[in-house]
């Protein structure tokens, strides 16, 4: 592909290696994904907005990176956004955008530092999949929601190749623990011909 860090982004790695990759990528991340038409943040934000009655309530941008997802959420009408990420360097880039109410660095697999139901909606945009967070994060984020809370997330083509990823989603919906409000396949990084599914889940 010849895409710099994108060549490395989808390789399997542990949490420490993931943090190091994104720290190193922070200065050039937006230029690289922007050059390739990164579309998933806007698609996710617009999908969540369709199912949100009160956009003044706080929303969590989990895995916020440099803030491209926060910008998309802000443009879709969300007023109060908090951001969490593994990478301190990515968070430094996000801070310069002045989009977020709060920004916090988190550790992989550490308990989430807020009470269940603190956020009526959580976004995990481009976060789950090969070279990033495992599908177990879906359980973590869904368990962090209160009844009626919504999660918007995406799985790109690489993540969709692993059937365990959508299978975990189906476990939530098949038992009635959540309702799938939205699923749409569309552009992710058109410049490298990569697509993604966008989902909105509502916790029962």
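Scanning region 85-102 for residues that are touching a helix residue (DSSP H, G or I) at 6+ places or on another chain (Cβ under 9 Å) and part of a strand (DSSP E or B) yields one hit, 85. Summed over region 17-39, the residues that are in a loop (DSSP other than H, G, I, E, B), modelled with pLDDT of 80 or more and exposed (fewer than 15 other Cβ atoms within 10 Å of the Cβ) give a count of 1. Does any residue of region 195-202 turn out to be assigned to a helix (DSSP H, G or I) and surrounded by 17 or more Cβ atoms within 10 Å (Cβ to Cβ)? The answer is no, given that none of the residues of region 195-202 is assigned to a helix (DSSP H, G or I) and surrounded by 17 or more Cβ atoms within 10 Å (Cβ to Cβ). Does residue 64 satisfy being over 18 Å from residue 95 (Cβ atoms), touching a helix residue (DSSP H, G or I) at 6+ places or on another chain (Cβ under 9 Å) and modelled with pLDDT of 80 or more? Spelling it out, it is not the case that residue 64 is over 18 Å from residue 95 (Cβ atoms), touching a helix residue (DSSP H, G or I) at 6+ places or on another chain (Cβ under 9 Å) and modelled with pLDDT of 80 or more. Check 117, 126 and return the single one that is out of contact with any strand residue (DSSP E or B) (no Cβ under 8 Å at 6 or more places or on another chain) and either touching a residue at least 40 places away in the same chain (Cβ under 8 Å) or surrounded by 12 or more Cβ atoms within 10 Å (Cβ to Cβ) (or both). Of 117, 126, the one residue that is out of contact with any strand residue (DSSP E or B) (no Cβ under 8 Å at 6 or more places or on another chain) and either touching a residue at least 40 places away in the same chain (Cβ under 8 Å) or surrounded by 12 or more Cβ atoms within 10 Å (Cβ to Cβ) (or both) is 117.
What about residue 186, is it touching a strand residue (DSSP E or B) at 6+ places or on another chain (Cβ under 9 Å), crowded, with 20+ Cβ neighbours inside 10 Å and either modelled with pLDDT under 95 or in a strand (DSSP E or B) (or both)? So residue 186 fails the test. Of all residues in region 43-75, which are over 28 Å from residue 19 (Cβ atoms) and not in a helix (DSSP H, G or I)? Listed by number, the residues that qualify are 51, 52, 53, 54, 55, 56, 57.
The values are calculated or read from the model by the stated rules, or taken from the named source; none is laboratory data. For clarity, every value in this text was computed on a predicted model and none was experimentally measured. Every residue, glycine as well, gets a Cβ built from its backbone with ideal geometry; the counts of neighbours run over all protein chains shown.
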